[in-house]
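Scroll down for the structure; my scribbles are underneath it.
The values are calculated or read from the model by the stated rules, or taken from the named source; none is laboratory data. Because the structure is a prediction, the values reported are computed rather than measured. We place every Cβ from the backbone using ideal geometry, glycine too, and count neighbours over all the protein chains shown.
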Amino acid sequence: MNVYDVFVERGFVSAVTDEKGVRDILGRERVTCYIGFDPTASSLHVGSLVPIMALAHMQQAGHRPIALVGGGTALIGDPSGKSEMRQVLTHEQVNLNAAALKGQLSRFLRFGASDGALLLNNADWLTQLNYIEFLRDIGRHFSVNRMLAAESYRMRLEAGLNFIEFNYMLLQSYDFYHLFKNYDCAVQMGGNDQWGNIVAGIDLIRRLTGKEAFGITFPLITTSLGQKMGKTEKGTVWLDPNLTTPYDYYQYWVNCDDRDVERFLSLFTFLPMDEIREAGRLRDAELNMAKAVLSYEATKIAHGEEAARSARRSAVSVFKAKPVSPGILPGSTIPRGESTTDDSAISRVVKSRAELEKGIPAYKLFTEANLCASQGESRRLISQGGGYINDRKITSFDELIGIKDFSGQPKIYLRKGKKKYSVVEIEG
């Protein structure tokens, strides 16, 4: 199946510069494509998954993906989709972040082999440009009137668009031209906020080489509740396991809205579409099993199979989840009948026997267990009936939690709301 048709079927495509041309070139030859990633943080997040998965689909279809780290453009900031100028980073910060991003992308893409994906940094060529030559050879092909009409610039005009940001379209266009000339890269992909930059790069390639290049943009993915992907009450859901644990990553997908399950399976897993369409018809307990498959597959792709199995075992242990039926998305490798469970992936706090003999106020323990950000939040949570110990509602925020609550067991469970747990263990 042509990978462009895969993109359309799974919901990746927002706009395309030449649909027939894109489908033809992807169907007749091995194509090099690229997507740019912003290295302004040390980790990518769930909101970056659509472009990452698109590159993975390209590689699975036999094409060559380039993940381009914007080390050069990050030194000035991309105004696209932003209401104010981005923070300017140092070379050292950008290089550290770029190295971290490669580790995360390596979960999704195969780098290193002769036919593998490439990870490039545009600082390697942008920082070497001669300004006068760049203006003469590249800048003369850009119309200021057309640039100001681009959505990414119009959003910034009222607040003030500085000259550094104004150059961003030229630099991204030059990236596409550089990759076209040196790596035979014929397709650029990105979010739909990049449409103006992608079209400008295609136009520059045509002007400088007389040849054709193509662009595909992705829709902004939001949840059925209208929220941006990867945003929770705890903050951003990162791909770095040190920032968001595999268990919390798994739980993010488990907690998705019922209306999002089929769409998220299409975008964020590689399971066959005929199975995914069947999953869209499930209800109640079977729909929850489909969520478990989504969570397992998404975690396996981002963190590896062992991390996914551990997160699944912990979820089964805490939530007493039912085993997934063999008929639910059979293409998944999720364990179908867990014989053992554990809670090793859940956050935990260890207290001494002496502390527990004395007793610890519930609001303090909830804060120490990272279920609440402050003691004030803990007090409010428990006062409003949202704090539990071993599934018993705590009636007073200063109730003393102690040895009596362990009932001879080495640990107890604290719960915030319906789904956020922490384990308290006795030291030694």
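The table that follows gives values for the structure above.
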| quantity | calculated |
| --- | --- |
| Odd one out for residue 302, checked against (1) assigned by TED's automatic domain parsing to the domain that holds residue 244; (2) surrounded by fewer than 20 Cβ atoms within 10 Å (Cβ to Cβ) | (2) |
| Residue match in the stretch 320-330 (condition: at pLDDT 90 or above, within 20 Å of residue 237 (Cβ to Cβ) and either crowded, with 19+ Cβ neighbours inside 10 Å or touching an Asp or Glu at 6+ places or on another chain (Cβ under 8 Å) (or both)) | no |
| Of all residues making up the stretch 49-75, the number that are closer than 18 Å to residue 215 by Cα and either without any contact (Cβ under 8 Å) to a residue 24 or more places away in the chain or part of a helix (DSSP H, G or I) (or both) | 10 |
| Residue within the stretch 287-294 that is surrounded by fewer than 15 Cβ atoms within 10 Å (Cβ to Cβ), touching a Gly at 6+ places or on another chain (Cβ under 9 Å) and not basic (Lys, Arg) present | no |
| Flag for residue 238 being touching a His at 6+ places or on another chain (Cβ under 9 Å) and not assigned by TED's automatic domain parsing to the domain that holds residue 129 | yes |
| Residue match in the stretch 7-14 (condition: among the hydroxyl-bearing types (Ser, Thr, Tyr), crowded, with 19+ Cβ neighbours inside 10 Å and outside the structural domain of residue 261 (by TED's automatic domain parsing)) | no |
| Within the stretch 183-226, considering residues that are touching a helix residue (DSSP H, G or I) at 6+ places or on another chain (Cβ under 8 Å), in a strand (DSSP E or B) and among the polar types (S, T, N, Q), the one surrounded by the fewest Cβ atoms within 10 Å (Cβ to Cβ) | 217 |
| Wholly within the stretch 295-370, helices (runs of 4 or more DSSP H) carrying at least 3 residues that are over 27 Å from residue 53 (Cα atoms) and in contact with a strand residue (DSSP E or B) (Cβ under 6 Å, 6 or more places away or on another chain) | 362-368 |
| Residues being more than 33 Å from the chain's Cα centre (by Cα) and buried (at least 21 other Cβ atoms within 10 Å of the Cβ) - total across the stretch 380-398 | 1 |
